[in-house]
Each structure stands twice: as structure tokens, then as C-alpha cells.
Amino acid sequence: MLRRISLLTLVLLFLLAACGRSDRDADANTEGTNEEPFRVAIVLPSSTTDIAWSQSMFDSLKDVQASMGGEEALRIAFSEGMFRVTDASAAIRDYASEGFDLVIAHGAQYGNSVFEVASDFPETSFAWGTSSDTGAERGITNVFAYGAAANEGGYVNGVVASMLTQSEIVGVIGPVAGDAKLYIDGFIRGVTGVKPDAQVNVTYTGSFSDTSLAAEAAHVHIQAGADVLTGSAQQVVGAIGVASENGIPWLGTQSDQISLGPEVVVTNQVYDWANVIDDMIAKISADEFGGTAYTLTFENGGLRLEFNEAIDIPDDVKDAARAAIEDIKSGAVEQFSDE
């Protein structure tokens, strides 16, 4: 009798040990696979659907999220409509306090706020654009900077405009400065490079977001004889509406703007920040919290030109645009050879 009890006891002890070991192994496996998601917060001057500057970055973030495996791998938080720098500054600090891995301030106006908060949170990464200043001269090591060689796409759109215009008058609606000015400079170079006598009229509204001012500017350009229009920043919603009403070709930049004027938007220079975001995440994961400045170009794939396939664009126009892109990549266009 005693022997049977001992054997039974041994069997029970063996089974209990095996169960305990299985539970521990399962816990160990769970711990190895359930890593915390990477967390990115972004502060935007306009909406995530502005079909311009803010949407270009937000769409790229969503693309990166999808490529990483969804929300379980990458969590995104955002604050939009941050036109007031004081509000944006508070949001940047709040996100840093909440332990986000990367805080993106998507506007050149946020630079001072980024550096101030970055100094207080040295183990949090920050990024801002458009700029090439990472704060290295200030002794800051946890800030990335980024921008777009918008003049490249501006040049290509200018070549397209020169081939579409019959009046040889082209209208441009810009906000104030930054990459918008860069785009306009490239655009003018593209137009006049093909048609030296063409007239490019530029209007600066003084606002990134005032769609009414942009619409008024578009009307003025058309009244002055412009038969092709372009412009930048989220204000262009108003201008594209006027172009659509008057059947005037529009050349877009920053995001895909075809939905605003399916019958008039001919091309779009699209900003794709996905590779920049991927590289930031990789660096941060390797404990490199900042110090790199990025620039989108045709060469690195950050810029791409998209044609509106729903409208009839002459083949010679497409060929000229593609040739211009190749010239930029090769350095044949002097303006871009050192960029």
C-alpha cells in the first residue's frame, strides 16, 4: 500500500512539474513576442486631409505603419490645425512627457519649440521640417531635420506648363516662403528654360491656409491671361476650385490633388516621407536619437511625379517631363547639380 502511494505521488509530482515548466515556457515566449509598439506623435499646422503639406506626411506615416504590421507595431497620435505656435509647443511637450519615441513637428515655424523641448527630454527623439538644422551647433543630439528639394518638381512642372500654355502667361499662387518659395523658383526656371519669353506671374498671399485669398489670386491670374496655374500649401484648395470652374490646367505639388479637380489637375509632385520615417525609426531603435538631416529628391525616391491618367495628356508633354527628371538626376540641369 505504501509503495502504491509513493508511485502515485511521484507521478503527480512529475505532472505538476511538467505543467509548471510549460507555463513558464509559454510566458517566456509571450514576453519575447509582445514587444511594445513604436510610438510616433505628430503636430500638424493644418488637417491630415489638406491634400498638401500636412497630408503628405500623415499619409507617409500611415504607409509606414501598414508596412510594419499595423497598430500593434506602430502607434500614431496627432494634433492637427496647430497654426498657433504656442499651441503646437504645448502639444510637443505633452507628447514628450507621455513617452512617445518620436515627436514630429511638421512645420518650419516649430523649430524653436522643438529645440527647447528636446533639451528637456534628451532620450526622446524629435524631428522637424522644412529645415536642415538638427541643433548640433547647440549641442543637441536628439533632433532630426527634413525637407524636400521642391524646386526639382517645380522645374518639371514648369517644363509641363511651358508646353501647355498657349497664351505664354502662367500664374503661380504661393504662401510666404520655405519649400513653397523653393518650388516656385524651380517652376519659373522650368518655364523660362523652354520658353524664355513666357511670362510667369507670382502672387504671394501671405498665408498657408487662406483658401479665399488663393481663389482671388487665381481669378486675377486668369483675368491677366494665364492659361496654366500652379501653387503650393493647403491654400490651393481655393485656387484649384477656380481653375476647375474655368477649365484651366493645374499643376500640383506636395500631395495628390486630382480629387480637387479631376478634369484640370495634370500632374502632381508628390512628397513621400516613408523612407525618411523608416530611417528615423531604425536609428532610434539603435539608440541614435537624432543628428541626421534628410532631403527628398527624385534621385532618392522621396519625390515622384504623377500624371493624371484620367485626362488626355500629350505624349510629348509626358516625354519632356520624364526627360527633365532624368536631367535633374544626372546633374545635367545646373540648378540641381549640387543638391
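The values are calculated or read from the model by the stated rules, or taken from the named source; none is laboratory data. Computed from a prediction, not measured in an experiment: that's the story for all the values here. Here Cβ is always computed from backbone atoms with ideal geometry, including for glycine, and neighbour counts include all displayed protein chains.
What the table below lists for this structure:
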item	result
Residues located in region 191-213, provided they are more than 25 Å from VAL317 (Cβ to Cβ) and assigned to a helix (DSSP H, G or I)	THR211, SER212, LEU213
Whichever residue in region 212-230 is of a type in the set (Val, Ile, Thr) and closer than 17 Å to VAL265 by Cα and, among such residues, is surrounded by the most Cβ atoms within 10 Å (Cβ to Cβ)	THR230
Every residue from region 121-177 that is under 18 Å from ALA293 (Cβ atoms), small (Gly, Ala, Ser) and either in a strand (DSSP E or B) or under 18 Å from the mean Cα position of the chain (by Cα) (or both)	SER125, ALA127, GLY129, SER131, SER132, ALA145, GLY147, ALA148, ALA149, ALA150
Wholly enclosed strands (runs of 3 or more DSSP E) of region 1-117 bearing at least 1 residues modelled with pLDDT under 95 and touching a Lys or Arg at 6+ places or on another chain (Cβ under 6 Å)	none
Residues that are surrounded by 23 or more Cβ atoms within 10 Å (Cβ to Cβ), of a type in the set (A, V, I, L, M, F, W, C) and out of contact with any Leu (no Cβ under 9 Å at 6 or more places or on another chain), drawn from region 129-149	VAL143, ALA145
Any hit, region 188-205, residues being more than 28 Å from LYS329 (Cα to Cα) and out of contact with any His (no Cβ under 8 Å at 6 or more places or on another chain)	yes
Test: residue in region 257-268 that is at positive phi and either assigned to a strand (DSSP E or B) or of a type in the set (Lys, Arg) (or both)	no
Subset of region 208-225 [in contact with a Ser or Thr (Cβ under 8 Å, 6 or more places away or on another chain) and among the aliphatic types (A, V, I, L, M)]	LEU213, ALA214, ALA217, VAL220
Which listed residue, of LYS283, LYS318, is assigned to a helix (DSSP H, G or I) and under 19 Å from the mean Cα position of the chain (by Cα)	LYS283
Unmet criterion (only one of (1) over 26 Å from TYR204 (Cα atoms); (2) surrounded by fewer than 18 Cβ atoms within 10 Å (Cβ to Cβ); (3) in contact (Cβ under 8 Å) with a residue 24 or more places away in the chain) for ALA323	(3)
Some residue of region 82-102 being in contact with a Leu (Cβ under 8 Å, 6 or more places away or on another chain), more than 29 Å from ALA286 (Cβ to Cβ) and either free of Cβ contacts under 8 Å to residues at least 60 places away in the same chain or of a type in the set (Val, Ile, Thr) (or both)	yes
Failed criterion for ASN151 (all others in (1) touching a helix residue (DSSP H, G or I) at 6+ places or on another chain (Cβ under 7 Å); (2) farther than 23 Å from LEU305 by Cα hold)	(2)
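The rows are residues; the columns are (1) buried (at least 22 other Cβ atoms within 10 Å of the Cβ); (2) not hydrophobic (A, V, I, L, M, F, W, C).
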residue: ASP256; (1), (2): no, yes
residue: LEU260; (1), (2): no, no
residue: VAL270; (1), (2): no, no
residue: MET280; (1), (2): yes, no
residue: ALA293; (1), (2): no, no
residue: ARG304; (1), (2): no, yes
residue: PHE307; (1), (2): no, no
